[in-house]
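Remarks on the structure that follows.
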Amino acid sequence: MEHETDGSLVARLWEGELSALGILYDRYGSLVYGIAIKGLRRVAEAEDLTQEIFLSLMRTRSYQPHRGSLASYLTTLTRSRVIDRLRAQSTQYKYLNQWHQSQTVVDADTPMQHITQQEKRAIVREALTTLKAQQREVLELSYYEGQSQRDIAERLGVPLGTVKSWARRGLLQLRKQLDLLKEDLS
Amino acid sequence: MSEPLSPQEIRELAAGYVLGDLTSAETEAFQGLLHELPALKVEVTALQETLAMMPYGLDDVEPEGGLRSQILSAAKAEFSSPTSVSLPPQPSTPTFKRSRLPWIMSTTAAGLALVCGLATLRLGNQVRTLQAQYSPSELTVAGDPWSGLRNLLQDHHQSLQNPDGPVDFVVSQPDEIPDLLQGFQTTVAALPLLPDHQGKLLGGSNCQLGDAEGLRLTYQLETDQTVSAYQLVLAEEEFPELQSAHLSLQQPDGTGIVLWRDENYLYAVVAELPTAELQTLAYAIEGI
């Protein structure tokens, strides 16, 4: 069963086979938990959310293999739930920075889906090291905590335009580096 | 924006678009560019993919070994009692704080069932996460039941039964919408837009739901389901007391509603769909 596809495991899970959930957790538990702890910062909350994500996968049956990888589905779901919780905790309801497109299908048919999770981790980490510290910080605050760039500007004490510039150039740099590293891999 | 943009400026606009940080003027300009330069969509997709890779850059953090068995036990418990109302797991320690109880739990609630997925309420001296059923009358504005729910459902159903079709005007692009609305002022960025791949935009309509003015966009999903997405302006004192980022309601006839708000508007999606699918649409509209 080591090479069983995610889609097959999810199908078995939906048929009531709990062993499939165990395998899926072994594959993606660390990834889901990593996003949760990055945004929520508390172990108990991160564990709670990790459990919620996997039970949600089992309950809602909303994952559709043809629309994207399970990893992408889980990371998108986890991130949105983290931000949801952060917003619910916020004493003042703050407008969440808009993300114009759902990311649930962006890796539906790209070379990135054919490399292993470990390879992805390695090249993304390497690519991130090429970003300036400010670029990376702004992207992370925005991505993992859903902070608006206006809030980030206030937090860092820099003009909004500077934050936008860091974020945009950081994303472009990340893309460029990932492209280069993917070429090296293939 | 009158001079042609350099390739680097266009790339930065694309990045800003993906990051959601464009000003309204930049958004207008970028949407124009998307029409002119089809290749730009490829760039946008690539940048979205890049952003989606971010979690792989996180340090390896392994949860405690007990979490795996805890999740499997919770899953097993659900399988063994499939008819019970699904309650998310209790946090191992109270981790949220809410300042007040927005609705009082009702055990006799009939009609609409309000599922408060992530709301955490202070009940007595205990803090707990719960997903439970509420009566719609317990969704309140300043202590009074919020009448907007009934209005939303009525409007959605009436639009489906309208012999002239569910929309006042048909559009091919979202940026046509603000000019077609009568009286209601909005920007394209504020519209409840569903990404193209998740639903076909049929058109829009002006809405007046009680005191709330706004618009309804109508979408058709691949499954032929019709979805109404609302953007409403309410006076601050008219906003229902949403203590969770998203509130989902399910009616016995299968009609569901998901509500959320930002600083300016109340948003809702209404369709004959299960809660989970509606929530997915709501997240897609919010772009998260």
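The values are calculated or read from the model by the stated rules, or taken from the named source; none is laboratory data. From a predicted model like this one, the values you see are computed outputs, not experimental measurements. Glycine gets a Cβ as well: all are built from the backbone with ideal geometry, and neighbour counts include every protein chain shown.
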Might you check whether a residue that is facing chain A (nearest Cβ under 7 Å), in contact (Cβ under 8 Å) with a residue 60 or more places away in the chain and crowded, with 19+ Cβ neighbours inside 10 Å occurs anywhere in region B:20-32? yes
Check every one of the strands (runs of 3 or more DSSP E) wholly within region B:171-285 and list those with 1 or more residues that are among the polar types (S, T, N, Q) and modelled with pLDDT of 85 or more. B:200-209, B:212-220, B:226-233
Complete set of residues in region A:1-37 that are buried (at least 19 other Cβ atoms within 10 Å of the Cβ), facing another protein chain (nearest Cβ under 7 Å) and hydroxyl-bearing (Ser, Thr, Tyr): A:25, A:33
So residue B:5 clears everything in (1) under 25 Å from residue A:135 (Cβ atoms); (2) under 26 Å from the mean Cα position of the chain (by Cα) except one condition, right? Which one? (2)
Between a first residue in region A:21-40 that is at negative phi and a second residue that is part of a helix (DSSP H, G or I) and charged (D, E, K, R), which pairs have beta carbons less than 6 Å apart while being 6 or more apart in sequence or on different chains? A:25/B:68; A:35/A:79; A:39/A:145
Residue A:155 - would you say it is surrounded by fewer than 21 Cβ atoms within 10 Å (Cβ to Cβ), part of a helix (DSSP H, G or I) and within 11 Å of chain B (Cβ to nearest Cβ)? no
